[in-house]
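Each reported figure results from applying straightforward, stated rules to the coordinates on display, with no laboratory input. Since the model is a prediction, treat every value here as computed from it, not as a measurement. Here the Cβ is made from the backbone with ideal geometry for all residues, glycine too, and neighbour counts use every protein chain on show.
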Amino acid sequence: MSGVDSSIRMLMDDMLETMYDAPGIGLAAIQIGIPKRLVVIDVAKREGEEDDEVKDPIFLVNPEIIRVSDEKAVYEEGCLSIPDYYAEVERPARVWIRYLDRAGAMKEMEADGLLATCIQHEIDHLNGVLFIDYLSRLKRERVMKRFAKEARRYGD
Ligand code: GNR
Ligand code: NI
C-alpha cells in the first residue's frame, strides 16, 4: 500500500547513479524532470575520509520535516540545477523527518550537520524552492540574470 514499487526503486537507483556521476551529495527527482516526491542523498564522502569507495546512500520517498531546531547552521550551498554558483545559506541546524524508505517502510530520522542542510535543500526542491530563494534580492537577481543570458545564448 505504500506505493514504493520496483519502478520507484529503479528510478531512485538511477537518480543515485546520476548524483554520483554529477557529482553531488543529493538529488531530487524533479531535477531530472520527474515530478515525484523522491530524494536520494549521500553525504558520506564529504564528511568521511578521502576514500571514494565509501558510500552511504539514503533514499527518501515523500519526506516531510516534522520538527526543526531553533539553532541555525550556515553552509555554503551549491545546486546541480544552478551550475557554478555557491552561496552561504542559514537553515535550522537539526531536523527531524518522516519518510518512506526504499522498501516502503515508514521511518523517522534525526539529522544534523551537512546532512540536515542537504535534506532541507532537497525537500525544498520538492516544493519548488531553490537555495537562491534565501539570498538577498540583489544576489538572487544577479544569478537569475546570468542564467537568462546563458539561456539566450543557447537559443542562437
Ligand atoms: O551537491 C550538492 N551539494 C550541496 C552542498 C550544500 C548544500 C546542498 C547541496 S545539494 C547539491 C546537489 C543538489 O543540487 N541537490 O539538489
Ligand atoms: Ni539542488
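Quick look at the numbers
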item: Positive-pole candidate from SER69, ILE58, VAL4, dipole of the range 1-104, charges at beta carbon; result: VAL4
item: Fewest-first ranking of LEU138, LEU80, LEU27, using other Cβ atoms within 10 Å as the exposure measure; result: LEU138, LEU80, LEU27
item: Cβ charges +1 (Lys, Arg) and -1 (Asp, Glu), total dipole of the chain, debye; result: 980
item: Qualifying GluC sites (Glu not before Pro) in the range 56-156, DSSP loop, other Cβ atoms within 10 Å at most 11; result: GLU71
item: MRE, 222 nm, helices only [DSSP H, n ≥ 4, -39500 (n - 2.57), over the chain, to nearest 500]; result: -11000 deg cm²/dmol
item: Per-residue Cβ neighbour rank within 10 angstrom, fewest leading, CYS118, CYS79; result: CYS79, CYS118
item: Net lengthening on full extension, ALA22/TYR134 (0.36 nm per residue, minus Cα-Cα); result: 37.9 nm
item: Within-13-Å neighbourhood charge of ARG67 [Cβ basis; K, R +1; D, E -1]; result: -4
item: Theoretical gain in end-to-end length, ASP56 to ASN127 [0.36 nm per residue, Cα-Cα removed]; result: 23.1 nm
item: Taking TYR86, TYR20 and counting other C-beta atoms within 10 Å, the order from fewest to most; result: TYR86, TYR20
item: ILE32-LYS145 FRET efficiency (beta carbon distance; Förster radius 35 Å; 0.05 resolution); result: 0.85
